[in-house]
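For reference, the structure is listed below as structure tokens.
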Amino acid sequence: MKARRKHVTFRRSSVADSSTADVISQQMVKRRSGMVTALVIVLLMILVAIVSQFMQRVVRDRHQMLRQFHLQQAMQLATAGEFRLRILLKQQPDIQNHTWELPPGTIHQTNSGRVQINLRDGTATIVARYPSNDETPVQISRTIRVQP
């Protein structure tokens, strides 16, 4: 027969139990707060990336809108240049070159326009630039036959 063993348990004092539990609890709280901090940092990085992409899109869309506006203005200036050519030919049939400057405030507060008309051998070339005071103006060229 086998002999039964007696189970002996050691009882720790309550002071030792509470201090060990406090140390373990503090370590778990530090781990959790570290994880929360890391999670917040990652979420902030994602948020910054999304906001920066949105801002780039807004700037790009605004730039495209301005370019479209400038293109429309240049096209209208070229059409106005055709009308101006017809008026000039009635007034001065021997005209060859003409530059029409539109100062700021004529079309837009800060932008100016320029229309150049060149006439040779019954062919008129009209070049409209808007805004002519900008680094990269939009340029529209039209070539038309002119009857004397």
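Looking at region 95-106 only, could you name the residues that are modelled with pLDDT of 85 or more and open to solvent by 70 Å² or more (accessible area, probe 1.4 Å)?
96, 97, 99, 101, 103, 104
Counting only residues that are within 30 Å of residue 136 (Cβ to Cβ) and free of Cβ contacts under 8 Å to residues at least 12 places away in the same chain, how many does region 32-68 have? Steps first, answer last, please.
In the first step, residues of region 32-68 are kept if they are within 30 Å of residue 136 (Cβ to Cβ); the result is 51-68.
With free of Cβ contacts under 8 Å to residues at least 12 places away in the same chain added as a condition, the list becomes 51-66, 68.
Qualifying residue count, region 32-68: 17.
Those residues that are aliphatic (A, V, I, L, M) and surrounded by fewer than 14 Cβ atoms within 10 Å (Cβ to Cβ), I need them from region 72-94; list them, please.
Here is the first cut: in region 72-94, the residues aliphatic (A, V, I, L, M) are 74-75, 77-78, 80, 85, 87-89.
The one that is aliphatic (A, V, I, L, M) and surrounded by fewer than 14 Cβ atoms within 10 Å (Cβ to Cβ): 87.
Looking at 84, 114, 129, 62, which is the one that is under 21 Å from the mean Cα position of the chain (by Cα), basic (Lys, Arg) and at pLDDT 90 or above? Outline the logic, then answer.
Values: 84 fails: under 21 Å from the mean Cα position of the chain (by Cα); 114 fails: under 21 Å from the mean Cα position of the chain (by Cα); 129 fails: under 21 Å from the mean Cα position of the chain (by Cα).
After ruling out the rest, the residue left standing is 62.
Mind listing whichever residues of region 107-119 are within 28 Å of residue 66 (Cα to Cα) and open to solvent by less than 80 Å² (accessible area, probe 1.4 Å)?
Step one: list which residues in region 107-119 are within 28 Å of residue 66 (Cα to Cα), which gives 107-117.
Scanning region 107-119 gives 107, 108, 111, 112, 113, 114, 115, 116, 117.
Given the conditions (1) at pLDDT 90 or above; (2) surrounded by 13 or more Cβ atoms within 10 Å (Cβ to Cβ), report the number of the one that residue 141 does not fulfil.
Here residue 141 clears every test but (2).
Any residue at all in region 112-133 that's under 16 Å from residue 72 (Cβ atoms), in contact with a helix residue (DSSP H, G or I) (Cβ under 8 Å, 6 or more places away or on another chain) and touching a residue at least 60 places away in the same chain (Cβ under 8 Å)?
Yes, the conditions are met somewhere in region 112-133.
So, residue 102, is that one over 32 Å from the mean Cα position of the chain (by Cα) and of a type outside the set (Ser, Thr, Tyr) or not? If you could, list the steps in order and put the result at the bottom.
Numbers: over 32 Å from the mean Cα position of the chain (by Cα): no; of a type outside the set (Ser, Thr, Tyr): yes.
When the stated conditions are applied, residue 102 does not pass them.
The values are calculated or read from the model by the stated rules, or taken from the named source; none is laboratory data. The structure presented is a predicted model; accordingly, all values stated were derived computationally and were not measured. Backbone-built Cβ (ideal geometry, glycine too); neighbour counts: all protein chains shown. Protein only, heavy atoms only, side chains kept; ligands, DNA and RNA dropped before computing areas. Shrake-Rupley method; radii C 1.70, N 1.55, O 1.52, S 1.80 Å.
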